[in-house]
Every structure is written in C-alpha cells, then in structure tokens.
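Student: One structure follows; several queries about it will come next.
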Amino acid sequence: MTPRSEHRYFLSSHGVVFEAFWPRPARSGLDWVRAGLYNLFFDGPTPGSPEHAVDPDALSAAIGHVEEQDVEAATRAFIKLGYVVNVHEHSLQ
C-alpha cells in the first residue's frame, strides 16, 4: 500500500473512528515555493511526504492491526511510523 498523508478507518467493533495524519512540515514561505516548483517540474511525491519517509511494508503491518480492530497496536504502529493518531467515538451527525 502506498503511504498517504491521511488514513481514516471506522472500527465497528469499538464504535470509533481511527485517524492517522502525517504531520505537515514546518516550512517558511520560500520553502513552500520550492515545494510548489518541485511538484510542477518533477513527477512524484514531495520530499518529506510519507511516500518518501514511510516503509510500505511497515504501513501494511500497521493497517493489519486496524483490520484486526486492535486500536492500541494500530495506534503504536502508526505513531512509530511518524503519524499523529486521533481515535474518537463515531457520531451520526
């Protein structure tokens, strides 16, 4: 699986939503311009994105924990990969 900046899953056995977000890099205005130019001229992910920093096999293992509905193991695995994790109750709003 290709690492993305955002992963969101509903864990039905727990009634919670599991969200893992890649932290947005701290950049100055000039760094944002450089990142934009990089995206314009080169195909592929921006340096510093999860596509460069996350091992796809480790991500598959972390997602395996989500599929097993093991919230604690999934949280540890995603945090170890560098993601920020948020788990909250599912609401129908």
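Student: Roughly how many percent of the accessible protein surface of the chain is carbon and sulfur, given a 1.4 Å probe and a whole-percent answer?
Tutor: Working: 3470 of 6200 Å².
In the chain, the share of accessible area belonging to carbon and sulfur is 56 percent.
Student: Another one. Calculated from DSSP H runs of 4 or more alone, at -39500 (n - 2.57) each and per residue, what is the 222 nm mean residue ellipticity of the chain, nearest 500? Mind showing how you got there, number by number?
Tutor: On the way: 4 runs with 40 residues, N = 93.
Computed mean residue ellipticity for the chain: -12500 deg cm²/dmol.
Student: Can you tell me the accessible area per residue over the chain, all protein chains present, probe 1.4 angstrom, in square angstrom? Intermediate results must be reported in sequence, preceding the final value.
Tutor: Details: 6200 Å² over 93 residues.
On a per-residue basis, 67 Å².
The values are calculated or read from the model by the stated rules, or taken from the named source; none is laboratory data. A quick note: this is a predicted structure, and the numbers were derived from the prediction, not measured. Areas reflect the complete protein model, heavy atoms only, side chains present, ligands, DNA and RNA absent. Shrake-Rupley method; radii C 1.70, N 1.55, O 1.52, S 1.80 Å.
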